[in-house]
Amino acid sequence: MEATHTAPRAARPAKAVSRLDRARQAAPQVFERLRNAIIALELPPGAPLSRAELAGQFGVSSTPVRDALMRLEEEGLVDVFPQHATVVSRVDVGRAEQAHFLRQALELEIVRMLAEQHDQALVIRLDHAIALQQQFAKAGDFESFIAGDNDFHAQLYAAAGKQDLWTLVRSRSGHIDRLRRLHLPSPGKAQNIVRHHKLITRAIEAGDADAAQQHLRKHLSGTLSELDKIRSHHPEYLTD
C-alpha cells in the first residue's frame with residue numbers, strides 16, 4: 001500500500017448520491033451518503049452542494065436534503081451561507097484535536113477494562129478484523145481499510161458495553177477522519193495501523209492493561225503527530 005502524497009480526487013457526486021432505499025426515511029440516508037462522501041474526500045473542502053441538484057440526484061424533495069445539510073452543518077462538515085451557497089467545509093484542526101482528546105480519553109479506559117476481562121472471544125473477533133484490514137491494505141482499498149479500522153474500534157466499545165459512546169465519538173470525528181484520510185496514502189501508514197491493532201489485541205489477550213493503553217495512545221496520536229506534513233501537502237484543505 002505504498003504511495004506518495006497526492007491531492008485527493010475531485011468531487012464525484014454521482015457516486016455519492018445514488019438512489020435511496022424507499023423503505024427507510026430519506027433524510028438520514030441523504031445525510032449518511034453525503035457525510036461518507038465528505039469523509040472520503042470524494043466531496044473535498046470547498047465543493048459546492050446545491051440543494052436543488054442534490055434533490056434531483058437523490059430523487060427526493062428539498063426537505064430531506066435541507067435536513068441532511070443542517071446535520072452536516074452541526075458537525076461542522078459544511079458551511080452554509082444563507083441566500084448564497086453551501087460548501088463542504090475545510091478541515092478544522094481545532095475540532096480534530098478535540099475529537100482526538102475525546103476518543104483517547106474513552107478508549108484508554110475501554111482497553112484497560114477489556115484487558116482485565118480476559119475475553120478470548122473478543123480477541124478472536126479482533127484478530128479477524130485485523131486479517132481483513134491486512135487484505136484491504138494489500139489490495140490498496142483505502143475505503144474498505146478505513147471501514148475495517150472503524151470496525152476494530154467499534155468492537156472494543158461493544159465489548160465494553162459502550163456502544164452509545166462509539167456513536168458519540170463518530171458524530172464528533174468528521175474532521176479528524178478527514179485528516180486521517182489525507183494521511184492514509186503516506187508510505188507505511190496502513191501497515192502501522194495494522195501493527196498497532198495487533199499490539200493492542202495482544203496486550204488485551206495477555207491482560208496487560210498498561211501495555212494496551214500505551215499502544216492505543218501511540219495508535220491514536222499517529223495522524224496529529226504528522227499534522228505539519230499533512231498541512232504542507234494540503235494547505236488549501238486545512239484551517240486552524
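The values are calculated or read from the model by the stated rules, or taken from the named source; none is laboratory data. Being a predicted model, the structure only gives us computed values, none of them experimental. Surface accessibility is based on the protein's heavy atoms, side chains included, excluding ligands, DNA and RNA. Shrake-Rupley method; radii C 1.70, N 1.55, O 1.52, S 1.80 Å.
With a 1.4 Å probe and all protein chains left in place, how much of the accessible area of segment 139-240 comes from carbon and sulfur atoms, in whole percent?
Carbon and sulfur together cover 50 percent of it.
Checking the table K162/K189; K189/K229; K138/K189; K138/K229 against a 22 Å threshold on Cα-Cα, which pairs fail?
K162/K189; K138/K229
If the viscosity is 1.002 mPa s and the temperature 20 °C, what translational diffusion coefficient in µm²/s does Stokes-Einstein give for segment 124-240 when Rh comes from Kirkwood over Cα pairs?
142 µm²/s
Quick one: accessible area per residue over segment 62-215, 1.4 Å probe, rounded to a whole number of Å²?
Result: 46 Å² per residue.
Please determine, in degrees from 0 to 90 and to the nearest 10, the orientation of helix 62-74 with respect to the longest principal axis defined by the Cα atoms of the chain, where the helix direction is its Cα long axis.
Once rounded, one gets 50 degrees.
If you wrap a convex hull around the C-alpha atoms of the chain and split its volume per residue, what is the figure in Å³?
Cα convex hull per residue, to the nearest whole number: 125 Å³.
Heavy-atom accessible area of R172 with all protein chains present, probe 1.4 Å, nearest 10 Å²?
Its accessible surface works out to 140 Å², give or take rounding.
Relative contact order of the chain, please, whole-number percent, based on alpha carbon pairs below 8 angstrom and at least 6 residues apart.
28 percent
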